[in-house]
Each structure stands twice: as structure tokens, then as C-alpha cells.
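The values are calculated or read from the model by the stated rules, or taken from the named source; none is laboratory data. Note that this is a predicted model, so its numbers are computed, not measured. As a convention, Cβ positions derive from the backbone with ideal geometry for all residues, glycine included, and neighbour counts pool all protein chains shown.
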């Protein structure tokens, strides 16, 4: 069998595995992203810091937002203090952050 056939036979499954891996975001990756992009205002556990005046406490069960609403807020920003991340993060990262923030609500697990 020619060498290029073997190379192709190996490349296709490896490319598929890489693509599938790129589709998934680990919880550690999402937490690291939250720490890097959100925690300076929203705190490590979702309790806002004084700099984030008026920001909600993500762990409050009375604070009701859907993942889709969170995704929109993360994408476009909110008010004058929270910037949008549309040009800074991929849609996949924004979705993962929205799901992570939603998971911080007490009793959501």
C-alpha cells in the first residue's frame, strides 16, 4: 500500500478526534475563563465585589436568568460598567461562561 494511503488513513481519524476535542470545553477551562474574565468584578464564587456596583449575586436563588439571557449579557454587556465580550471571546466560550454562571446559583446542581 502506498505511503499516502496510510497517511490518509491515520490523518482522518486523528482530525476527527481533534475536532471533537475542540468542541468540548472542560469545566476546568470554563472556571479558568471565569476567573480570568469575570471574577475581578463578580468574585470567585459569584458574589460581586464593591467595584461591581449593582451586580447581582449569582448564587442567590431569587436571581433568575436563563442561560440564553446570560449568554446575551456576556455577549453585549450590561449598563455602563460591564463590557460585552463579543469581540473578545468565541461564541462557544460565551456559551460555556453562561452555563457556568447559571450553575453558580444555589441549588442548581
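Read through the list (1) assigned to a loop (DSSP other than H, G, I, E, B); (2) exposed (fewer than 15 other Cβ atoms within 10 Å of the Cβ), then give the number of the only condition that residue 89 fails. Of everything listed in (1) assigned to a loop (DSSP other than H, G, I, E, B); (2) exposed (fewer than 15 other Cβ atoms within 10 Å of the Cβ), residue 89 misses just condition (2). Per the conditions (1) modelled with pLDDT of 90 or more; (2) part of a helix (DSSP H, G or I); (3) surrounded by fewer than 17 Cβ atoms within 10 Å (Cβ to Cβ), the sole criterion not satisfied by residue 65 is (2).
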